[in-house]
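Data first, discussion second: the structure below is written as structure tokens.
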Amino acid sequence: MKISDNIFDKIGFCSFDGYETELARWQKWLDNGNAADLKYMTCRKKPSELLKNAKGAVVCLLNYYVPDNA
């Protein structure tokens, strides 16, 4: 049994290599107004600001959508 079988739909890992490039793309996306009024999407920090020696992250996906007929 895996933890993802009972809690998360998917679990993955990512490296922070190339983060600066992705951050620039994210900023362009924000500048184009794509976040609309979702202000929380503008609060992105560099991983090194959150944890000094971080090299990557564990990413967990949980689908919270429930169809009307469920």
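The values are calculated or read from the model by the stated rules, or taken from the named source; none is laboratory data. The structure presented is a predicted model; accordingly, all values stated were derived computationally and were not measured. When we count neighbours, we look across all protein chains shown, and the Cβ atoms used for this are built from the backbone with ideal geometry, even at glycine. Heads up: the accessible areas ignore ligands, DNA and RNA and are worked out on the full protein's heavy atoms, side chains in. Shrake-Rupley method; radii C 1.70, N 1.55, O 1.52, S 1.80 Å.
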Residue within region 54-65 that is open to solvent by 90 Å² or more (accessible area, probe 1.4 Å) and among the hydroxyl-bearing types (Ser, Thr, Tyr) present: yes
Residues being under 13 Å from the mean Cα position of the chain (by Cα) and closer than 14 Å to ALA54 by Cα - total across region 8-33: 5
Residue, most open to solvent (accessible area, probe 1.4 Å), within region 4-26, restricted to residues that are modelled with pLDDT under 90 and among the polar types (S, T, N, Q): ASN6
Every residue from region 39-51 that is closer than 23 Å to GLY12 by Cβ and exposed (fewer than 10 other Cβ atoms within 10 Å of the Cβ): TYR40, CYS43, LYS45, GLU49, LEU50, LEU51
